Amino acid sequence: QVQLVESGGGLVQPGGSLRLSCAASGSISTFDFMGWYRQAPGKQRELVAALNAGGSTNYADSAKGRFTISRDNAKNTVYLQMNSLKPGDTAVYYCYLLRGTWEYWGQGTQVTVSS
């Protein structure tokens, strides 16, 4: 059983930056798939950034060039650095881990981009 706890969300002005953290209760490895999803009110949850087993990354078109996903295995933590934030980035952001056939979700952290 793995528990994921997100932090780092908050209110930021357009053009600002935030770094989200996802701390895992157990060890994470490069063999795990980890991702950041988000869900805005009235919309489906969508994948924003993915860290694939082996270390390659993928980003939603809306996140390319602005968001960076990274992992610190020693701290069992995955990060999402978000720059040049826009009002359209407002959502609850969720951390996700897939290990074999087991999947885990964090509780989410709210990101609000507004002036």
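A few remarks follow.
- Failed item in (1) in contact with a strand residue (DSSP E or B) (Cβ under 7 Å, 6 or more places away or on another chain); (2) not in a loop (DSSP other than H, G, I, E, B), with GLY88 passing the rest: (1)
- Number of residues in the stretch 92-115 that are open to solvent by less than 10 Å² (accessible area, probe 1.4 Å), closer than 20 Å to SER70 by Cα and aliphatic (A, V, I, L, M): the value is 2.
- In the stretch 1-30, the residues that are on the phi > 0 side of the Ramachandran plot and modelled with pLDDT of 95 or more reach residues that are small (Gly, Ala, Ser) and assigned to a strand (DSSP E or B) with C-beta atoms within less than 8 angstrom, at least six apart or across chains, in these pairs: GLY8/SER21.
- Where a residue in the stretch 80-103 is among the β-branched types (Val, Ile, Thr) and its partner, wherever it lies, is assigned to a strand (DSSP E or B), with Cβ under 6 Å and at least six apart: THR90/THR112; THR90/VAL113; VAL92/GLN39; VAL92/GLN110
- Scanning the stretch 9-38 for residues that are open to solvent by 60 Å² or more (accessible area, probe 1.4 Å) and within 17 Å of VAL92 (Cβ to Cβ) yields a count of 2.
The values are calculated or read from the model by the stated rules, or taken from the named source; none is laboratory data. For clarity, every value in this text was computed on a predicted model and none was experimentally measured. Because the Cβ atoms are built from the backbone with ideal geometry, glycine has one as well, and the counts that use them run over all protein chains shown. All accessible areas refer to the heavy atoms of the entire protein, side chains included, with ligands and DNA or RNA removed. Shrake-Rupley method; radii C 1.70, N 1.55, O 1.52, S 1.80 Å.
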